[in-house]
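The values are calculated or read from the model by the stated rules, or taken from the named source; none is laboratory data. If you're wondering where the values come from, they're calculated on a predicted model, not measured in any experiment. Every residue, glycine among them, receives a Cβ derived from its backbone with ideal geometry; neighbour counts consider all protein chains shown.
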There are 2 protein chains.
Amino acid sequence: MLPLLEPQVPVVPEAVAPCCPPLTERPLTADEAEKTARMFKALGDPVRLRLFSAVASHEGGEACVCDISDVGVSQPTVSHHLKKLKEAGLLTSERRGTWVYYRVEPSVVAAMGQMLGTLG
Amino acid sequence: MLPLLEPQVPVVPEAVAPCCPPLTERPLTADEAEKTARMFKALGDPVRLRLFSAVASHEGGEACVCDISDVGVSQPTVSHHLKKLKEAGLLTSERRGTWVYYRVEPSVVAAMGQMLGTLG
């Protein structure tokens, strides 16, 4: 009997997967708005938005808490906010040795950009 | 003596004008993050996001409270949220007769899309 293959699971949890058409196409449903508002909300805090841009612009496209020191908040606060961004589906993380490295989840962020970008 | 000409004022208030480079370019400054987080926060509420998409996708690119009836909140609540979106710089408004018509402010929304779009 053949071993069962690991099923191909999507990297992005369903709850935060990009879901929605461009905002000019049609009104969002309640369900779509619920999912998407979560992502916008995660970027709606100035400290969190700075941390997100710090990760996005860091060399190699990833950063750990150890790389981020100039936002003027404590290391536990940085960790807290990076976790929130991850829960919203905007960052992924990987532990390597002592540190957790965060990276932007491009598909989710691009989907947000697309929802807005068609309005310009 | 010549009459003073009305000065050319920008349509978008300075406080909410698109300000920032793509998020991959460099970390946002505290001031840039403060301005931009306000816009993301405005879209970070499910009802507000639905109303925003209702305006954006409405015929002619504009809508009044009278056009929006299927989001399941009262008319005063719709008005309240549309005002919040306007304060964040995402909508403009114009009174015509009985109703205030709202329209997406394309430059601001496109700037948000651009900040995110480069990450895809």
Quiz prompt | Odd one out for residue B:58, checked against (1) in contact with an Asp or Glu (Cβ under 8 Å, 6 or more places away or on another chain); (2) within 12 Å of chain A (Cβ to nearest Cβ); (3) buried (at least 22 other Cβ atoms within 10 Å of the Cβ); (4) not hydrophobic (A, V, I, L, M, F, W, C) | solution = (3)
Quiz item: If only one of A:69, A:53, A:74 is of a type in the set (S, T, N, Q) and surrounded by 14 or more Cβ atoms within 10 Å (Cβ to Cβ), which one is it?
Solution: A:53
Practice problem: Sort out which residues of segment B:22-40 are among the acidic types (Asp, Glu), more than 7 Å from chain A (Cβ to nearest Cβ) and surrounded by 16 or more Cβ atoms within 10 Å (Cβ to Cβ), and write them in order of number. | Solution: B:32
Quiz prompt | Identity of the residue in segment B:102-120, more than 7 Å from every other protein chain (Cβ to nearest Cβ) and surrounded by 20 or more Cβ atoms within 10 Å (Cβ to Cβ), that ends up modelled with the highest pLDDT | solution = B:102
Quiz item: Under 9 Å by Cβ, and 6 or more places apart or on different chains, what pairs join a residue from segment A:48-75 that is free of Cβ contacts under 8 Å to residues at least 60 places away in the same chain and at positive phi with one that is surrounded by fewer than 19 Cβ atoms within 10 Å (Cβ to Cβ) and of a type in the set (S, T, N, Q)?
Solution: A:61/B:24
